[in-house]
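Novice: Please see the structure below; I have some questions.
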């Protein structure tokens, strides 16, 4: 009798020899939501599920099917929610969160030279960068961002803060031809960057990068050496490019060519490049960027706020350029790290600038913040969509707030109606970092205390400024 009970139990549970195949084990099953995959077919799966083992997605499909196939150690119910790939902030300066709003309503050149560079020289230390990045990580995780590309100083601290917070980062040490907060010369910055790349190479969340600031703040020699370092180490190269009319006119007057052509002829595009802004690019520049495989990071709020212009996103994409979406820093260029706002603005800016309401529809605006952002970073094999084999970076979005009702089109709802505050949960590298709107990986109280202490010194400096 006891033998028959064992057989019956085996049949019920699906153990080997129990009459059907054993369920495959996974660590986490996210079930019951509308899965917006952003894969090549742009599949949307109602009552869908995502199966995760370790840091990777092993299956995406209908909940009923995945429950038949997998036994999960944990389950995350997503009933009534959207399940999306984590958002990718393709350009920011995270630690500048501590300079939020210090110099609004100024031109880019005035903002940089009269405010930001002097404040950074006085206040930007390793400690400042560490806590500023922790503050930014809190905001980004809450808003559904799972990856960010950073250009700043003391990038060792950016990498440390991001890895502790459990958020993915492409971390670029900024290189300038004049003294920076961390290094007096570009040679020192380049030596540090090489060590930084070696130290963080292979980390599951941190991708170290080379980041010459721009073609107007770095000499030709510095730019060549930065490009050589990126090629030699295989690290990505981050740079501001064709950001303002003043920049491109100055380069054309000095070098007799566009900023894009100048950068290419110096060898920058031999590396894997993500160029921020790409506003002042003509058809020849666009073709060159596409041919050389350069990704661009579009920053609509920043470009509007500094009156820098409108990046020709539709034309860039038509030429074959991968375009991601960024917030830029929050110290005057922007005042938050909110990719939902950037998606909305990106779509609307292209409509008004082209005179065509069909330009950059909502589905494509979401692509900029997900799969195309991953492509611009050269990481599309790992992140940007919900597909087997990719990293388990995903977010859950509530859709029960008044601004989310009624619900007709999933892409329109995400881009034009939903808010960063609708993000309910987030997984990065298979780890739950946000649940029910609470960040699990950062001590929010401690971050706020440290931020208040550091900001007090900045306010004192501003009070003394004539």
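The values are calculated or read from the model by the stated rules, or taken from the named source; none is laboratory data. Bear in mind the structure is a predicted one, so any value in this text is a computation, not a measurement. Here Cβ is always computed from backbone atoms with ideal geometry, including for glycine, and neighbour counts include all displayed protein chains.
Novice: Under the condition of being at pLDDT below 90 and assigned to a helix (DSSP H, G or I), which residue from the stretch 94-115 is surrounded by the most Cβ atoms within 10 Å (Cβ to Cβ)?
Specialist: Checking each candidate, the answer is 108.
Novice: Is one or more of the residues making up the stretch 356-378 more than 24 Å from residue 316 (Cα to Cα) and either part of a loop (DSSP other than H, G, I, E, B) or more than 19 Å from the chain's Cα centre (by Cα) (or both)? Spell out how you get there, then give the answer.
Specialist: Taking the stretch 356-378 first, the residues more than 24 Å from residue 316 (Cα to Cα) are none.
Within the stretch 356-378 (the criterion being more than 24 Å from residue 316 (Cα to Cα) and either part of a loop (DSSP other than H, G, I, E, B) or more than 19 Å from the chain's Cα centre (by Cα) (or both)), the answer is no, since none of the residues qualifies.
Novice: Hey, another quick one. Can you tell me how many residues within the stretch 87-101 are within 23 Å of residue 157 (Cβ to Cβ) and in contact with a strand residue (DSSP E or B) (Cβ under 8 Å, 6 or more places away or on another chain)? Full working, then the answer.
Specialist: Taking the stretch 87-101 and keeping what is within 23 Å of residue 157 (Cβ to Cβ), we get 88-101.
Of the ones still in play, those that are also in contact with a strand residue (DSSP E or B) (Cβ under 8 Å, 6 or more places away or on another chain) are 88-96.
Residues flagged as within 23 Å of residue 157 (Cβ to Cβ) and in contact with a strand residue (DSSP E or B) (Cβ under 8 Å, 6 or more places away or on another chain) within the stretch 87-101 amount to 9.
Novice: Something else about it: Being part of a helix (DSSP H, G or I), touching a strand residue (DSSP E or B) at 6+ places or on another chain (Cβ under 6 Å) and within 24 Å of residue 143 (Cα to Cα) is the filter here, so list the residues in the stretch 303-327 that pass it. Full working, then the answer.
Specialist: Pass one, the stretch 303-327, residues part of a helix (DSSP H, G or I): 303-305, 313-319.
From the residues that got through so far, the ones that are touching a strand residue (DSSP E or B) at 6+ places or on another chain (Cβ under 6 Å) too are 313, 316-317.
Answer for the stretch 303-327, where residues must be part of a helix (DSSP H, G or I), touching a strand residue (DSSP E or B) at 6+ places or on another chain (Cβ under 6 Å) and within 24 Å of residue 143 (Cα to Cα): just 313.
Novice: Farther than 20 Å from residue 239 by Cα and in contact with a strand residue (DSSP E or B) (Cβ under 8 Å, 6 or more places away or on another chain): does that describe residue 143? Steps first, please.
Specialist: Details: farther than 20 Å from residue 239 by Cα: yes; in contact with a strand residue (DSSP E or B) (Cβ under 8 Å, 6 or more places away or on another chain): yes.
So residue 143 passes the test.
Novice: State yes or no: is residue 214 under 22 Å from residue 330 (Cβ atoms) and without any contact (Cβ under 8 Å) to a residue 40 or more places away in the chain? Write out each step before concluding.
Specialist: Values: under 22 Å from residue 330 (Cβ atoms): yes; without any contact (Cβ under 8 Å) to a residue 40 or more places away in the chain: yes.
Spelling it out, residue 214 is indeed under 22 Å from residue 330 (Cβ atoms) and without any contact (Cβ under 8 Å) to a residue 40 or more places away in the chain.
Novice: Could you grab me the full set of residues in the stretch 213-235 that are over 17 Å from residue 176 (Cα atoms) and out of contact with any helix residue (DSSP H, G or I) (no Cβ under 7 Å at 6 or more places or on another chain)? Spell out the reasoning first.
Specialist: We begin by selecting, within the stretch 213-235, every residue over 17 Å from residue 176 (Cα atoms); these are 231-235.
Passing the criteria: 232, 234.
Novice: Name the single residue, out of those in the stretch 135-152 being surrounded by 24 or more Cβ atoms within 10 Å (Cβ to Cβ) and not in a strand (DSSP E or B), that is farthest from the chain's Cα centre (by Cα). Before you say what the answer is, go through the steps one by one.
Specialist: Within the stretch 135-152, the first condition is being surrounded by 24 or more Cβ atoms within 10 Å (Cβ to Cβ), and the residues that meet it are 135-137, 140-141, 143-152.
Still in the running and not in a strand (DSSP E or B): 135-137, 140-141, 143-144.
Details: 135: 16, 136: 12, 137: 11, 140: 9, 141: 11, 143: 11, 144: 10 Å.
Here the answer is 135.
Novice: Here is a further query. Pull up the stretch 41-67, narrow it to residues that are in contact (Cβ under 8 Å) with a residue 40 or more places away in the chain and not in a strand (DSSP E or B), then point me to the one that is farthest from the chain's Cα centre (by Cα).
Specialist: 54
Novice: Within the stretch 391-401, can you find the residues that are touching a strand residue (DSSP E or B) at 6+ places or on another chain (Cβ under 9 Å) and surrounded by fewer than 23 Cβ atoms within 10 Å (Cβ to Cβ)?
Specialist: We begin by selecting, within the stretch 391-401, every residue touching a strand residue (DSSP E or B) at 6+ places or on another chain (Cβ under 9 Å); these are 391-399.
The answer is 398, 399.
Novice: From the residues in the stretch 286-301 that are crowded, with 24+ Cβ neighbours inside 10 Å and not in a loop (DSSP other than H, G, I, E, B), which one is farthest from the chain's Cα centre (by Cα)?
Specialist: Of the stretch 286-301, the ones crowded, with 24+ Cβ neighbours inside 10 Å are 289, 294-300.
Checking the rest, the ones that are also not in a loop (DSSP other than H, G, I, E, B) come to 289, 295-298, 300.
Numbers: 289: 21, 295: 13, 296: 12, 297: 10, 298: 11, 300: 14 Å.
That would be 289.
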